[in-house]
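Structure first, commentary second.
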Amino acid sequence: MKYYSTHDKNHRVSLQQAVVHGLAPDNGLYMPESIPKLSDRFFKTLPDKNFKEISLEVAKNLIGNDIPEVELQRIIDHTIQFDAPLVEVESNIFSLELFHGPTLAFKDFGARFLSGLLGYFAKQQSKEITILVATSGDTGSAVANAFFNVAGTRVIVLYPSGKVSEAQEKQFTTLGGNITALEVSGTFDDCQRLVKQAFLDRELKKSLFLTSANSINIARLIPQSFYYFGAYAQLKQNDKPVVVCVPSGNFGNLTAGLMAKKMGLPIDAFVAATNANDIVPEYLRTQQFKVRASKQTISNAMDVGNPSNFVRMLELFGNDFQKLSAQIFGSTFSDEATKEAMRLVDSNSNYIMDPHGAVGYLGLKEFLKTHSDFTGIFLETAHPAKFADVVEDAIQKQIEIPDRLKEFMKGEKKSILISTDFDEFRLLLPTLIT
Ligand SMILES: *Cc1c(COP(=O)(O)O)cnc(C)c1O
C-alpha cells in the first residue's frame, strides 16, 4: 500500500516513510491510496471472530504487504492487550468502552500500534528514533506507556507545568528508562511551539532522528478502525440500521469510523458530537469551516479549535459537502448539559460516564429523537476515574479508582523543569539521548 499527501495526490510514499515522518513534506496528511472493501466471507464470519483476529484482517487490508505478516501479527498482539466491550446502557443504546487500556483512554490503541510499527522500523536503522510529543494530558500518557522499553526509541514528553491532572502527570513522569518528561513553565501552546521549532531546526535534524507521535500520524488512525468492526461483531443479529456517535476533538476517531465504513462495515450514519468547540457541527450546518481559538470545557481532550483530521474527512467524501453532510450529523453540547447527562444516566441506568462519553451519549440521544428505528452506539473514550473531580461533582458520589491508575499514583514523579525558551530546549535535547 502507498500513502499519498492530502496536498498532492502525486506525492506517494511507503508505509515506513508515512509513519516515520508523520506529516508529508508539503504539510499534507497521509492517506492510504485505496481503501479496499473486505470480503463477504469476512463479514459473514465477523460475529465468530475475536478482537485480535478482526484487527489483523482490517490491518492487512489497509497496510498490504509493507511489513511481513508475522511482524504485523506481533504488532497486533502488542496493541490489542485489552478488550473494547459493548455495554447496553439503555434499550437500544450501547456504550463502546475504549478505556480498558493501560492509560484508561482510547489513545492507547493508536499509541501502541504506532510504537509497534516504529519499533519495527527502528531495527532497520542505526540511529535511535527520538519521539517528541507535546501534551495537554492524555496523549503524553498513552505515548509514554506504549513506547516504554521499546528498543531503539526514546520519548521526550513536553507538558505545561501545573496544567495537567495529577493522574495524567504520574502516567508519564514515573516510568523512567527511555521516557523523559520535560515540565515546561508555560502553556500547552508553548510546548507545541517548542516541538514544532525542533523539527524545523537543521542542526537538530542532522544530529538526531526526530519524529512526532501526534494524532496526524496514519499509524494512530489505522488501529482506531479495528474497534468499529469489533463493536459491530458484538451486536450479533441486528436488523436495524446502525448509527455511531463519536465525541470529537481532532476528529481522528470519527475519520477511522468513516474508513471502516469504506471497508464495507454497514454503519448507516455517524454523529459528530462536540463540546462548545463546535467547528465541525457548524460546518455541517453552514458549509463554512471557521477555525477559532479553543475554549476550555470539562471534556478537555476535545478542546480543539482547528481539528486536524478534518481534511481527511473531506478527502474520504471526495471533497463533496452534500455527500459528507448526508452521512454525518453534527451536534454540540454545553458543560451544563454534559453534567446533567452524567447525573441522569447514573441515576436511571446505574452507568457512570466520563465527560467525553457523556457528550457522545447526548449526541446519540439527539439523533435518535428523529430516527427512532436505529440502533445506537456511542464511543466511551475515557474511564470516568481519569476525570474524577468533574464526574464526582456531577453525580454527587465517589467513584472507584481502577488498580492500574492507583499503581501509577504510587510512583515517584521525575521531570526536568525548563522555560519556554527554544535555545534552552535545543541545547538540552542532545544531552538526553544516549
Ligand atoms: C483525544 C480524545 C478525544 C477526541 O478524539 P479525536 O480523535 O481527537 O476526535 C475524545 N475523548 C478523549 C477522552 C480523548 O482523550
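Read-outs: derived from the displayed coordinates by stated rules, not from any lab. Because the structure is a prediction, the values reported are computed rather than measured. Virtual Cβ from ideal backbone geometry, glycine too; neighbours counted across all protein chains shown.
List the residue ranges in the chain for DSSP H helices whose C-alpha atoms run 20 angstrom or more along the long axis and whose Kyte-Doolittle average is 0.0 or above.
107-122, 355-370
When the chain is treated as a GNM, springs tying every alpha-carbon pair under 10 Å, which of Ala146, Ala394, Ala231 comes out with the largest mean-square fluctuation?
The residue with the greatest mean-square fluctuation here is Ala394.
Can you put Asp201, Asp268 in order of Cβ neighbours within 10 angstrom, beginning with the fewest?
Values: Asp201 17, Asp268 14.
Ascending Cβ contact count within 10 Å gives the list Asp268, Asp201.
Looking at this model, which pairs from Lys49/Lys261; Lys240/Lys262; Lys107/Lys262 are more than 27 angstrom apart at the alpha-carbon? Display every interim value, and only then the final one.
Details: Lys49/Lys261 19 Å; Lys240/Lys262 19 Å; Lys107/Lys262 22 Å.
Beyond 27 Å: nothing from the list.
Would any residue of the range 368-391 have its amide N under 18 Å from a label point 7 Å out along Cα→Cβ of Leu235? List them or say none.
368-380
Rounded, prolate or oblate, given the Cα gyration tensor of the range 278-434, with a/c below 1.5 counting as rounded? If you can, show how the numbers build up before the last one.
Numbers: a/c = 2.46, a/b = 1.21, b/c = 2.03.
The shape class here is oblate.
Let's test the formula: R0 of 25 Å, r as the Cβ-Cβ distance of Ser34 and His7. What FRET efficiency results, to the nearest 0.05?
Working: r = 19 Å, r/R0 = 0.74.
Once rounded, the FRET efficiency stands at 0.85.
R0 = 30 Å: FRET efficiency of Thr370 with Val291, Cβ-based, nearest 0.05?
On the way: r = 30 Å, r/R0 = 0.98.
It comes to 0.50.
Taking a ≥ b ≥ c as the square roots of the Cα gyration tensor eigenvalues, with a/c under 1.5 meaning rounded and otherwise prolate when a/b beats b/c, else oblate, which class fits the range 36-150?
Values: a/c = 2.71, a/b = 1.24, b/c = 2.18.
It is oblate, given that a/c is not under 1.5 and a/b is not larger than b/c.
Mind ranking 256-267, 63-74 by how tightly packed they are, going by the mean number of other C-beta atoms within 10 angstrom, highest first? Don't skip to the answer; put the middle values down first.
Values: 256-267: 20.2, 63-74: 14.5.
Answer by packing, highest mean first, reads 256-267, 63-74.
Quick one: length gained pulling Asp403 to His78 fully straight, 0.36 nm per residue minus the C-alpha distance?
Numbers: separation 325, 0.36 × 325 = 117.00 nm, distance 2.09 nm.
Result for the pair: 114.9 nm of gain on full extension.
Between Ala111, Ala142, Ala293, which gets the highest mean-square fluctuation from a Gaussian network model of the chain, Cα cutoff 10 Å?
Comparing Ala111, Ala142, Ala293 in a Gaussian network model of the chain, the most mobile one is Ala293.
Build a GNM of the chain with springs between Cα atoms under 10 Å: which of Tyr120, Tyr228, Tyr159 gets the top mean-square fluctuation?
For the chain, modelled as a Gaussian network with Cα springs under 10 Å, the answer is Tyr120.
Binned at 10 Å from 0, what are the whole-percent values of the Cα-Cα distance distribution for the chain, short to long?
4, 22, 33, 28, 11, 1, 0
Taking 0.36 nm per residue of sequence separation and subtracting the Cα-Cα distance, how much length would be gained by fully extending the chain between Lys414 and Phe199, in nm to one decimal?
Once the chain is fully extended between Lys414 and Phe199, it gains 74.9 nm.
For the residues Tyr361, Tyr283, what sequence is obtained by ranking on other C-beta atoms within 10 Å, fewest first? Intermediate results must be reported in sequence, preceding the final value.
Working: Tyr361 29, Tyr283 22.
By the 10 Å Cβ count, ascending: Tyr283, Tyr361.
On a C-alpha basis, how far is the centre of the range 37-89 from the centre of the range 374-434 in Å? Whole number, if you could?
Answer, in whole Å: 28.
With r as the distance between the Cβ atoms of Ser14 and Ser126 and R0 = 25 Å, compute the FRET efficiency 1/(1 + (r/R0)^6) and round to 0.05.
Numbers: r = 19 Å, r/R0 = 0.76.
Step by step, r from the Cβ atoms, then E = 0.85.
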